[in-house]
Amino acid sequence: MREDVLDAVNRIDEARLWDRHVQMARIGAIPGNGVNRPALSDDDIRARRLLISWAEARGFSIAVDPIGNLFVRREGSDPNAPPVLAGSHMDSQPRGGRFDGIYGVLAALEALEAIDAAGMKTRRAIEMVAWTNEEGGRFAPCTMGSMVFSGARKLEEFVGVTDNDGMRLGDALAKTLAATPDAAQHAFGRPVAAYVETHIEQGPRLEQEGRTIGIVTGIQGLRWFNVEVFGETAHAGTTPVSARKDALKEAVAIIAAIAELAHDETDVTRFTVGRMLVTPNSPNSVASHVLFSVDLRHPDPARIAQLGAAVEPLCRRVARACSVKVTPTLHDDPCTFDAGVVGAIERAAGELRLPALRLPSGASHDANYLSRVCPTGMIFVPCERGISHNEAENATPGDLAAGARVLAATLIELANR
Ligand code: GLV
Ligand code: MN
Ligand code: MN
């Protein structure tokens, strides 16, 4: 590795990076060492402000776009060259951990600071980005900020999405944007030279195989649906079962049928129903309406397409007395990352003598949408026992810093291309 690159990489400050994770984990802290920081909530706003305070202390410039994606920029010597972006997200699952998403944001800021402290000039600007609403736990679907940034979907499609309390995304977004009045405003459609996302693996392989760095090759395909079952409420004690339109009973039958469809001896297919809203939600009233989510994943494009296409006909076939509405909410084809970015990450890990491994991502990431508009790659670091979307999520300060070092070296290479 070149002397000047090594000098910048060595300025990654493990203690500062860890301390920032600790500070961020206080915002939305929940019992069990976890974090509940829903997208566009007051805690999301607090986290954004804290991040901006660190970035401004270094003299970096701040910008937002209309969906609230937050950018921190370190200028390059050619201000007209499209920037290299690195980041992830700051929102969390309702019972999330201290690393999912926030690590990629803090690692990118750390890389910017290390490069800056070394006084290194890069041809392109490097920008840290925090994508809005990656998790989709409050406002479905997930990866909304990157989806709109990449032009795959329009912001107008999402402003009317409501959370479980009936709050509109458009209103929560307006409040979030109002909280950063001094940020520059970016329109969508800016060209980007490359994107690199750093993330905990969220699976067990790196830990099991004793590797520090995961060189991510791509992301598996994903389909989301909202399934609504419309029945009729009735008295639980007096209404004969044969006369009922029981929306919850039929929802359960539909879920069992999808589980059967997704059954896979090889255990590659993933099927999850993680959200269910029942109306009127009373023990002694027959349910009149049920809404539940469907999350299906598979790495093979043909298999995920087949599974996705089967959901609506199957729901219609299984429903008896009730009617059903199936709304697709997310359609992510599997993606393969750019060979040039994957190669740069692999080279950086090798030159830093970090044990590394190529692997695909089972989790979804904003990198999927970025890969549609620019050369993209991801860096994984180990997390304890592969636990994620759980308060117990854990990673070591040393591994987090190692991932940030690989990121810094990769960004320097990409920003000088
Ligand atoms: C992201 O958190 C995902 O659902 O994979
Ligand atoms: Mn994540
Ligand atoms: Mn997540």
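The values are calculated or read from the model by the stated rules, or taken from the named source; none is laboratory data. For clarity, every value in this text was computed on a predicted model and none was experimentally measured. So basically every Cβ, Gly included, is an ideal-geometry build from the backbone, and we count neighbours across all protein chains shown. Ligands, DNA and RNA are stripped out before the accessible areas are found, and what is left, the full protein with its side chains, is counted by its heavy atoms. Shrake-Rupley method; radii C 1.70, N 1.55, O 1.52, S 1.80 Å.
Considering only strands (runs of 3 or more DSSP E) fully contained in the range 275-393, which possess at least 1 residues that are more than 16 Å from ligand 2 (Cβ to nearest atom), closer than 24 Å to Phe225 by Cβ and of a type outside the set (Gly, Ala, Ser)? So that I can check it myself, show each step before the final result.
Details: elements: 276-279, 289-298, 323-332, 356-361, 376-381.
Of the strands (runs of 3 or more DSSP E) lying wholly inside the range 275-393, those with at least 1 residues that are more than 16 Å from ligand 2 (Cβ to nearest atom), closer than 24 Å to Phe225 by Cβ and of a type outside the set (Gly, Ala, Ser) span 276-279, 289-298, 323-332.
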Report task. Check the range 351-362 and report whether any residue there is within 16 Å of ligand 3 (Cβ to nearest atom) and out of contact with any His (no Cβ under 7 Å at 6 or more places or on another chain). Result -> yes
Query raised in the report: How many residues, within the range 357-380, are buried (at least 22 other Cβ atoms within 10 Å of the Cβ), of a type in the set (A, V, I, L, M) and away from ligand 1 (no atom under 16 Å from the Cβ)?
Result: 1
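Somewhere in the range 233-242, is a residue open to solvent by 50 Å² or more (accessible area, probe 1.4 Å) and assigned to a helix (DSSP H, G or I)?
Looking for residues that are open to solvent by 50 Å² or more (accessible area, probe 1.4 Å) and assigned to a helix (DSSP H, G or I), one finds at least one in the range 233-242, hence yes.
Listed here are the residues, each with its yes/no results for (1) part of a loop (DSSP other than H, G, I, E, B); (2) more than 18 Å from the chain's Cα centre (by Cα); (3) surrounded by 15 or more Cβ atoms within 10 Å (Cβ to Cβ).
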| residue | (1), (2), (3) |
| --- | --- |
| Ala187 | yes, yes, no |
| Arg190 | yes, yes, yes |
| Tyr195 | no, no, yes |
| Thr198 | no, no, yes |
| Val216 | no, no, yes |
| Leu222 | no, no, yes |
Report summary line: Scanning the range 200-214 residue by residue, those in contact with a Pro (Cβ under 6 Å, 6 or more places away or on another chain) and in a helix (DSSP H, G or I) turn out to be Leu206, Glu207
